[in-house]
Amino acid sequence: MTVRVLIVDDHPVVREGLRAVLSAEPDITVLGECGRGEDAVAAATELAPDVVLMDLRLPGLDGVAATRQITATGRTAVLVLTTYDTDGDIARAIAAGAVGYLLKDAPRHDLAAAVRATARGETVLAAPVAAKLVSQVRGGSSLSARESDVLGRIARGLSNPEIGRELYISEATVKSHVMRIFGKLGVRDRTAAVTAAIARGILPPPEC
């Protein structure tokens, strides 16, 4: 499967570099690039990319607001790529529906892998971001009722769209819950989340 990507960053040199990195991958196609949030929303509507690689600091409509508008369609996933890893930035991006959060110092291989994972509907977190999420919830790491509902369905092997249909919530909301679950359990993927939840007695062990 070819992953179609839209790059959004207000620095032309950064956009050029990202395009070069991603275009070198045989299974990734860069559809276009934008330097403003408003343009990103318009381009995402017109081009319907699989993934939008989104910076947070943009002139005009910022990256969080643009993410919210793009993910509301349910057609395109947003992967944040930024230099900022403050608690507030992370929380706002997740609440807006971003599937993942990477920092711009990520290695080339990690960036391409993250784009592919995002296109598959998987949650992607840079290690420092995952650590911050764990720090935010440490001391109060119990899952909410809705997070438990989502985790139980992850354990059943359901995808984000399937979980959304069962719980009557949007896919973007499911993704936000998944990211919070990862943070509370201190993990970075779905398999590790289920394993950690079983070890802590949050989920029952699998039947033999």
Selection status of L56, within 12 Å of I7 (Cβ to Cβ) and modelled with pLDDT under 95: no
Index of the failed condition, E38 passing every other in (1) among the charged types (D, E, K, R); (2) within 15 Å of the chain's Cα centre (by Cα); (3) at pLDDT 90 or above: (2)
Selected residue [touching a residue at least 24 places away in the same chain (Cβ under 8 Å), assigned to a loop (DSSP other than H, G, I, E, B), outside the structural domain of S176 (by TED's automatic domain parsing) and crowded, with 18+ Cβ neighbours inside 10 Å] from L58, L53: L58
Residues that are over 17 Å from F182 (Cα atoms), aliphatic (A, V, I, L, M) and either free of Cβ contacts under 8 Å to residues at least 12 places away in the same chain or out of contact with any helix residue (DSSP H, G or I) (no Cβ under 8 Å at 6 or more places or on another chain) (or both), drawn from region 81-126: A113, A119
Restricting region 1-38 to residues that are free of Cβ contacts under 8 Å to residues at least 60 places away in the same chain and in a loop (DSSP other than H, G, I, E, B), the residue that is nearest to L111 (Cα to Cα): A24
Which listed residue, of R36, R108, R57, is touching a Pro at 6+ places or on another chain (Cβ under 7 Å) and farther than 20 Å from A172 by Cα: R36
Residues of region 63-92 satisfying the condition of being closer than 22 Å to L111 by Cα and either more than 16 Å from the chain's Cα centre (by Cα) or not in a helix (DSSP H, G or I) (or both): R75, T76, A77, V78, L79, V80, L81, T82, T83, Y84, D85, T86
Selection within region 100-129 - at pLDDT below 85, surrounded by 20 or more Cβ atoms within 10 Å (Cβ to Cβ) and part of a helix (DSSP H, G or I): V129
Among the candidates T67, T76, residue that is surrounded by 16 or more Cβ atoms within 10 Å (Cβ to Cβ), in contact with a Pro (Cβ under 8 Å, 6 or more places away or on another chain) and modelled with pLDDT of 85 or more: T76
Answer residue from region 172-201, given it is among the hydroxyl-bearing types (S, T, Y) and modelled with pLDDT of 85 or more and is farthest from V99 (Cα to Cα) among those: T191
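The values are calculated or read from the model by the stated rules, or taken from the named source; none is laboratory data. Remember, it's a predicted structure, so these values are computed and weren't measured experimentally. Methodologically, a virtual Cβ is constructed for each residue, glycine included, from the backbone with ideal geometry; neighbour enumeration extends over all protein chains shown.
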